[in-house]
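The values are calculated or read from the model by the stated rules, or taken from the named source; none is laboratory data. Source: prediction; values computed, not measured. Every residue, glycine among them, receives a Cβ derived from its backbone with ideal geometry; neighbour counts consider all protein chains shown. SASA here: full protein model, heavy atoms, side chains in, ligands and nucleic acids out. Shrake-Rupley method; radii C 1.70, N 1.55, O 1.52, S 1.80 Å.
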Amino acid sequence: MTHVNDVDVIRRLLATPATWAVVGLSSNTRRVAHGVAEYIRDALGMRIVPVNPRAEPAHGATGYARLADVPAPVDVVDCFVNSQRVGAVIDDAIAERERLGIRAVWLQLGVIDEAAAQRAT
């Protein structure tokens, strides 16, 4: 079964001020995550929390190695990892959901893992 995104949920997530943990965001300005995170912060007014294995800061925000290291709250987990790795990120988001207050997981275009999407639902 293919997951279908709810357009109303997408609109609400993009319009409601929130904290977005961007998994895969580092200080590397050549990566797509860097520009998208900047847009999410500047154009949409969201707070950004970089999450990457080296805990590198980005856009003036403290970086964390994994979701388990992030202090609460986090409303949205934005996944900038490849499809083979996103399942583990989603599992981490599910495990940290209550502690962080996570209410949504956002997979970037081309990042697909139907089984993980089903678990996140």
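Things worth noting here:
For every residue, the table says whether it meets (1) part of a helix (DSSP H, G or I); (2) touching a Leu at 6+ places or on another chain (Cβ under 6 Å); (3) free of Cβ contacts under 8 Å to residues at least 40 places away in the same chain.
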residue: 29; (1), (2), (3): no, no, yes
residue: 36; (1), (2), (3): yes, no, no
residue: 71; (1), (2), (3): no, no, yes
residue: 105; (1), (2), (3): no, no, yes
residue: 116; (1), (2), (3): yes, no, yes
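- Verdict on residue 85 being of a type outside the set (A, V, I, L, M, F, W, C) and more than 16 Å from residue 120 (Cα to Cα): no
- The stretch 55-69, residues that are charged (D, E, K, R), under 22 Å from residue 98 (Cα atoms) and assigned to a loop (DSSP other than H, G, I, E, B): 66
- Scanning the stretch 85-112 for residues that are exposed (fewer than 14 other Cβ atoms within 10 Å of the Cβ) and more than 14 Å from residue 23 (Cβ to Cβ) yields 98, 101, 109, 110, 112.
- Test: residue in the stretch 66-81 that is open to solvent by 40 Å² or more (accessible area, probe 1.4 Å), in contact with a Gly (Cβ under 8 Å, 6 or more places away or on another chain) and small (Gly, Ala, Ser): yes
- Some residue of the stretch 44-54 being polar (S, T, N, Q) and either assigned to a helix (DSSP H, G or I) or modelled with pLDDT of 95 or more (or both): yes
- Number of the condition not met by residue 40 [criteria: (1) under 12 Å from residue 21 (Cα atoms); (2) in a loop (DSSP other than H, G, I, E, B); (3) β-branched (Val, Ile, Thr)]: (2)
- All of 61, 55 fail the test of being touching a Phe, Trp or Tyr at 6+ places or on another chain (Cβ under 8 Å) and without any contact (Cβ under 8 Å) to a residue 24 or more places away in the chain, apart from 55.
- Some residue of the stretch 12-19 being at pLDDT below 95, within 26 Å of residue 119 (Cα to Cα) and in a loop (DSSP other than H, G, I, E, B): no
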